[in-house]
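Report on one structure; see the data block that follows.
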Amino acid sequence: MKTLKVGICGWGNVATGMFNAIESNNNYITKAGVDINIACIGARRDNPKCNPGATPIFRDIFDIPEQDIDVVVELIGGVEVARELILKSIRAGKHVITANKAVIFNHGDEIFAEANKNKVKVLFEAAVCAGTPIVKMLKEELAPNKIKKISGMLNGTSNFILSNMEEGNEFDDTLELAQKEGYAEPDPSFDIEGVDAAHKIGLLSSIAYGSSLPPKDFYIEGITKIDKKDFIYAEMLGYTIKHLAISEDNEDKIELRAHPALVSKKSYLANLKGVRNGIEVDTDLIGKIHIAGSGAGQESTASGLISDIIHLANSNEDILNVVSSINQKPIKDFGEFSFQYYFFIEAEDNPGVMASITTRLAEESIGIESMVQKDELGKNIVPIILITDIFKEDKLEGIKDKILSLDTIKNLRTIRIESTD
Ligand SMILES: NC(=O)c1ccc[n+]([C@@H]2O[C@H](COP(=O)([O-])OP(=O)(O)OC[C@H]3O[C@@H](n4cnc5c(N)ncnc54)[C@H](OP(=O)(O)O)[C@@H]3O)[C@@H](O)[C@H]2O)c1
């Protein structure tokens, strides 16, 4: 059995989960051929929720890489201090395991290049969907495949909020509930603005397609503009609404985006509700693979971190890290994408209003696949719901402006439709 000496940096939630899981699940870990020895902890204060026993604590986390250990587990979060700590660990000849998506998203290429120079590994399974396995699966189990597309709900808070809105609840009430249940941070902006999901798909895209870290600009939109009424109309048309993060290999360019989308109610992703993360990977040899599980929380994250420790102990130390910016293809400009769109329009209930909308669309050569006009919203206003034919994203804002310039139109919002064939 191989013994690995581990130094933990950061002594919060996830570190507590990992420390406890190494103790409680030691039988399973040793069955995998590894004895994990937590040799030291870097913590600037004691942790009332975890007693480290005789394990020495260093008040300066930067002392940890200098100890007699094999691997530094970085659990401080944030970007710049974490980068410095990881680089110091690498230069001290220590392998690094991290749950920190932000530091790998922003500095991954620099970190991997430095790790290769120093012949150590940097592993980050827990940074994407916590313990739900996807990083090593993409790197290894799926390595013989061409990965055609990766799509999924990579943020548990957004999926929880949208699932509750689908049941008829308001966005604000559901966000409050998510905070009460501990699914959302006190400042939830990274979750609801789509940034957390964007970080995760950026990491998966770098593994699958070699897009750089950080990726050049890509389109990120959160869930704050979705209204609970959109679920009712989407359902009538055979769809529900999910926040999707997507990366796709498109011949000479890589598609990368994170935004809400209507998805067919019959699709796998449509049926994953609540705080769970779900990913669909479309491959050439196996076809579509589905993975779902808890994407946050100290226990799930501990599972991802420990799986990296086991992997490190059992893998060939000569195989190092892939620096993604080698052989990278450019990221496709978002304006070049084409979608079908859901249009929700509030219009005055006057004769001719529908004709004026269809005329505006026809002027841009945009057809309508289906249309629903519902009862009055009050004050002579009716909702009109359209599903358009496919058109290019760079036309969207101009078309919205044209429709909104009609005196009879009071409100308009659009959601892209994701093809899930
Ligand atoms: N929580 C999850 O469900 C989850 C899931 C996947 C990934 N992650 C990632 O895991 C990492 C840790 O998250 P967490 O939830 O455990 O956060 P946390 O509870 O806030 O713990 C962070 C710990 O790091 C310490 N720390 C931060 N900066 C430090 C510094 N400069 N020097 C010394 N100590 C420092 C903090 O100390 P103080 O208490 O003194 O500030 C705290 O003990 C983050 O990168 C996060 O994105 C978390």
Check your understanding: Being under 19 Å from the mean Cα position of the chain (by Cα) and surrounded by fewer than 15 Cβ atoms within 10 Å (Cβ to Cβ), is that true of even one residue in the stretch 312-331?
Key -> no
Point to revise | ILE279 under 29 Å from ALA184 (Cβ atoms), in contact (Cβ under 8 Å) with a residue 12 or more places away in the chain and in the same structural domain as THR30 (by TED's automatic domain parsing) | key: no
Practice item. Take LYS242 and decide whether it is farther than 25 Å from ILE331 by Cα and touching a helix residue (DSSP H, G or I) at 6+ places or on another chain (Cβ under 8 Å). Key: no
Study note, to complete from the structure: Just one listed residue, out of SER338, SER356, is out of contact with any Asp or Glu (no Cβ under 9 Å at 6 or more places or on another chain) and at pLDDT 90 or above, and it is SER356
**Study point:** Output for the stretch 44-97, where each listed residue is assigned to a loop (DSSP other than H, G, I, E, B) and more than 13 Å from the ligand (Cβ to nearest atom)
**Key:** ASN51, GLY53, ALA54, THR55, PRO56, GLN67, ASP68, ILE69, ASP70, ALA92, GLY93, LYS94
Exercise for review: Quickly run through the stretch 1-21 and pick out the residues that are within 16 Å of the ligand (Cβ to nearest atom), touching a strand residue (DSSP E or B) at 6+ places or on another chain (Cβ under 8 Å) and farther than 12 Å from PRO52 by Cα.
Suggested key: VAL6, GLY7, CYS9, GLY10
**Study point:** Only one of LYS136, LYS148 that is assigned to a strand (DSSP E or B), surrounded by fewer than 23 Cβ atoms within 10 Å (Cβ to Cβ) and more than 12 Å from the ligand (Cβ to nearest atom)
**Key:** LYS148
Revision key, fill the gap. Filter the stretch 200-227 for residues that are within 18 Å of SER189 (Cα to Cα) and of a type in the set (D, E, K, R); the one that is surrounded by the fewest Cβ atoms within 10 Å (Cβ to Cβ) is LYS225
Review point. Can you tell me how many residues in the stretch 98-111 are of a type in the set (S, T, N, Q) and away from the ligand (no atom under 11 Å from the Cβ)?
Key: 1
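Of ASP282, ASP230, which residue is crowded, with 16+ Cβ neighbours inside 10 Å and more than 29 Å from GLY182 (Cα to Cα)?
ASP282
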Check your understanding: THR301 is checked against (1) out of contact with any strand residue (DSSP E or B) (no Cβ under 9 Å at 6 or more places or on another chain); (2) within 16 Å of the ligand (Cβ to nearest atom); (3) under 16 Å from ILE134 (Cα atoms); (4) assigned to a loop (DSSP other than H, G, I, E, B) and fails just one. What number does that condition carry?
Key -> (4)
Point to revise | strands (runs of 3 or more DSSP E) wholly inside the stretch 336-392 containing at least 3 residues that are surrounded by 18 or more Cβ atoms within 10 Å (Cβ to Cβ) | key: 338-348, 381-388
Practice item. Just need a number here: residues in the stretch 156-177 that are of a type outside the set (Val, Ile, Thr), without any contact (Cβ under 8 Å) to a residue 40 or more places away in the chain and crowded, with 18+ Cβ neighbours inside 10 Å. Key: 2
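The values are calculated or read from the model by the stated rules, or taken from the named source; none is laboratory data. Quantities reported herein were computed from a predicted structural model and do not represent experimental measurements. Note: ideal-geometry Cβ built from the backbone for every residue, glycine included; neighbour counts use all protein chains shown.
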